[in-house]
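Reading through the C-alpha cells given below for one structure.
The values are calculated or read from the model by the stated rules, or taken from the named source; none is laboratory data. Just so it is clear, the structure is predicted and the values come from calculations on it, not from any experiment. Neighbour counts run over all protein chains shown; Cβ positions are idealised from the backbone, glycine included.
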Amino acid sequence: MAQTSPSQFTPQVLKGQLQNVGLSCQQLTDANLAGYVANVDSQLPNGSVQSFGILAKSSDLTASSGMALKALAGSNNSALVQAATANWEPGTQAEGFNNYLEVIAYPDHFKWLLSGVPQNQFTGVYQAPQATSGNYPNAQAIQDLFVNVCTTASATLINGLDQTTMKAILTNVIQPLNDAQLSDYNNTASRTIMLVENYNTSTGYADAIGVLYVGWTLTISDYKRKSKDGGDTHPTTLTVESWSVTYEDGSILCRDYNAVCTQFGLTPMTCPPN
C-alpha cells in the first residue's frame, strides 16, 4: 500500500455542509467556522487504527461533495464508491480484501454473523448509543452529529480510530436535500471504512486489517426557520450505530466471508486473493 494524505476537515469544507442546513452568510464567518472545527476536533477520541478506504453508497453523496464518485475496481458492490481519501491507497492484494470486507460489513451479513448463528466465534463489535433529541441551533446539531459519528465508530475498536481518518469521514457527511422545498432536513447515510493496523511499508504486512461501518440519521424539523419566525433552535433527533471487525489471520477472514456467501446465496470469490 502507498501512504496518502487523508481528506482535510477544514473551515471551508465545513462551510459548504452548514449551508446545506440553512446557515446564512452572517453565521458562516471565518471566526465561527474556525471555532466549530476546533470544537469538533477537541472532542474526537485518540486512536491508532488507520484506513485504506473510506466508502459510501453513491446515493449518499452528490457530485458537489468534491470527491469523484468512482466505484472501486472489482468491487462486489458497485453501489459503494470512494467518499474520501484514506491514510493508505490499497495495492492489488488489499483491493482484493476490500471485496470480502465489504460483504462482511453489509448490515444483514454482519448482524447474522454477530448473532452467533454460524457458531464460528465471530469477533465483531456493535455499538448503538441511545438516540439523542432536543432543541438545538443547526450549527450545534451538526457538530454533535460529527462528534457522535466519530466517537461511536471509534468505540467499536480496541485501539480506537485514527483522528485523521475521522476527520476525512467528516468532509462530506451533510449533503443537500434532493427536494429543496422540504421543511424538514432528514439525512440518513453511512460510511464503510477499510481498516489497517500498524502497516509496515518495508515488509508490506500489517498487524491486522478489518472493516468498520457507521450509519446515522439526523432529523432537523423546520430547519430553514430563522429567529424572526420563532427562534433559532429546532427540534432535532440523532441516531448513530456502528460495527467493526478486525482480523490478524486471513484464514479467519475467509472463513467469515465464505459463511456469509453460503448463508445468503452469494457466489464467492477465491479467498484469499491470488
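Structural remarks
- Selection within segment 174-216 - surrounded by 13 or more Cβ atoms within 10 Å (Cβ to Cβ), of a type in the set (A, V, I, L, M, F, W, C) and over 14 Å from LEU55 (Cβ atoms): ILE174, LEU177, VAL196, ALA206, ALA208, ILE209, TRP216
- For segment 159-173, the tally of residues that are at pLDDT below 95 and more than 12 Å from VAL13 (Cβ to Cβ) stands at 0.
Here is a yes/no grid of residues against (1) within 30 Å of THR10 (Cβ to Cβ); (2) of a type in the set (Val, Ile, Thr):
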| residue | (1), (2) |
| --- | --- |
| PRO176 | yes, no |
| THR219 | yes, yes |
| CYS254 | no, no |
| CYS261 | no, no |
| THR270 | no, yes |
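- Checking VAL49, VAL37 one by one, the residue that is under 24 Å from PRO137 (Cα atoms), at pLDDT 90 or above and surrounded by 14 or more Cβ atoms within 10 Å (Cβ to Cβ) is VAL37 and no other.
- Residues of segment 122-134 that are exposed (fewer than 13 other Cβ atoms within 10 Å of the Cβ) and either among the basic types (Lys, Arg) or in a strand (DSSP E or B) (or both): SER133 alone.
- Residue among ALA155, ALA139, ALA168, ALA208 that is among the hydrophobic types (A, V, I, L, M, F, W, C) and in contact with a Pro (Cβ under 7 Å, 6 or more places away or on another chain): ALA168
- A single entry from ALA105, ALA139, ALA128, ALA153 fulfils the requirement of being small (Gly, Ala, Ser) and at pLDDT below 90: ALA139.
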